[in-house]
Amino acid sequence: MIDCIFCKIVNGKIPAEIVFENDHVMAFRDIQPQAREHFLFIHKAHQADLVEMVHENPEGVLQIMKAIGEFSKKTKMKENGFRVVTNIGRSAGQSVFHTHFHVLSDNHLGRFGK
């Protein structure tokens, strides 16, 4: 997709702090973090959202989840706990229409109301 910021990151046209990459998946730090550690995991192939990806590239969802699992073990996020979130549609908060998963880790994620 020509105007997709995430596709431009994949193609090296926009810089990002890349923390993980393999043949199918790329992950980088969110530029507006909502937690101490906030990463975006994307598939290198463009699909607008999770629903589209499930229909057009279901293997891609598994590739992203495996990448998150691998990254969480390498960085010890699994020990500290983390959350995986995706927004589907503008009304749900999706602002970049390229399937992506927010991976957040912080000491306070599980302490609602404290």
Select, from Gly89, Gly93, the only residue that is exposed (fewer than 13 other Cβ atoms within 10 Å of the Cβ) and in contact (Cβ under 8 Å) with a residue 40 or more places away in the chain.
Gly89
Test result for Gly113, at positive phi and either in a helix (DSSP H, G or I) or at pLDDT below 95 (or both)
yes
Only one of Lys66, Lys73 is in contact with a strand residue (DSSP E or B) (Cβ under 9 Å, 6 or more places away or on another chain) and among the basic types (Lys, Arg); which?
Lys66
Could you list, in sequence order, all residues of the stretch 11-29 that are small (Gly, Ala, Ser) and either in a strand (DSSP E or B) or free of Cβ contacts under 8 Å to residues at least 12 places away in the same chain (or both)?
Gly12, Ala27
Verdict on Ile14 being touching a strand residue (DSSP E or B) at 6+ places or on another chain (Cβ under 7 Å) and β-branched (Val, Ile, Thr)
no
Looking only at the stretch 1-17, how many residues end up being exposed (fewer than 13 other Cβ atoms within 10 Å of the Cβ) and more than 16 Å from Phe97 (Cα to Cα)?
6
Return yes when Phe20 is surrounded by 19 or more Cβ atoms within 10 Å (Cβ to Cβ) and over 22 Å from Gly93 (Cβ atoms) and no when it is not.
no
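Going through Val103, Val51, Val61 one at a time, which residue ends up being over 13 Å from Val25 (Cβ atoms) and either in contact (Cβ under 8 Å) with a residue 24 or more places away in the chain or part of a helix (DSSP H, G or I) (or both)?
Working: Val103 fails: over 13 Å from Val25 (Cβ atoms); Val61 fails: over 13 Å from Val25 (Cβ atoms).
Going through Val103, Val51, Val61 in turn, the sole match is Val51.
Does the stretch 74-91 contain any residue that is among the small types (Gly, Ala, Ser), more than 20 Å from Asp3 (Cβ to Cβ) and either out of contact with any Leu (no Cβ under 7 Å at 6 or more places or on another chain) or in a helix (DSSP H, G or I) (or both)?
Yes, the stretch 74-91 has at least one match.
I'd like to verify a number: residues in the stretch 55-87 that are within 15 Å of His98 (Cβ to Cβ), of a type in the set (A, V, I, L, M, F, W, C) and touching a helix residue (DSSP H, G or I) at 6+ places or on another chain (Cβ under 8 Å), how many?
Pass one, the stretch 55-87, residues within 15 Å of His98 (Cβ to Cβ): 56-57, 60-61, 63-64, 86-87.
When the remaining residues are screened for being of a type in the set (A, V, I, L, M, F, W, C), the result is 61, 64.
When the remaining residues are screened for being touching a helix residue (DSSP H, G or I) at 6+ places or on another chain (Cβ under 8 Å), the result is 61.
The number of residues fulfilling the criteria is 1.
Given the criteria within 23 Å of His108 (Cβ to Cβ) and either free of Cβ contacts under 8 Å to residues at least 40 places away in the same chain or part of a loop (DSSP other than H, G, I, E, B) (or both), does Gln32 qualify? Don't jump to the end; show me each part of the working.
On the way: within 23 Å of His108 (Cβ to Cβ): yes; either free of Cβ contacts under 8 Å to residues at least 40 places away in the same chain or part of a loop (DSSP other than H, G, I, E, B) (or both): yes.
It is true that Gln32 is within 23 Å of His108 (Cβ to Cβ) and either free of Cβ contacts under 8 Å to residues at least 40 places away in the same chain or part of a loop (DSSP other than H, G, I, E, B) (or both).
Across the stretch 24-42, what is the total count of residues that are within 20 Å of Thr75 (Cβ to Cβ) and either in contact with a Gly (Cβ under 7 Å, 6 or more places away or on another chain) or not hydrophobic (A, V, I, L, M, F, W, C) (or both)? Show your work before the answer.
Of the residues in the stretch 24-42, the ones within 20 Å of Thr75 (Cβ to Cβ) are 24-31, 33-42.
With the extra rule that they be either in contact with a Gly (Cβ under 7 Å, 6 or more places away or on another chain) or not hydrophobic (A, V, I, L, M, F, W, C) (or both), the set shrinks to 24, 29-30, 33-34, 36-38.
The total comes to 8.
The values are calculated or read from the model by the stated rules, or taken from the named source; none is laboratory data. All values reported here derive from a predicted model rather than from experimental measurement. When we count neighbours, we look across all protein chains shown, and the Cβ atoms used for this are built from the backbone with ideal geometry, even at glycine.
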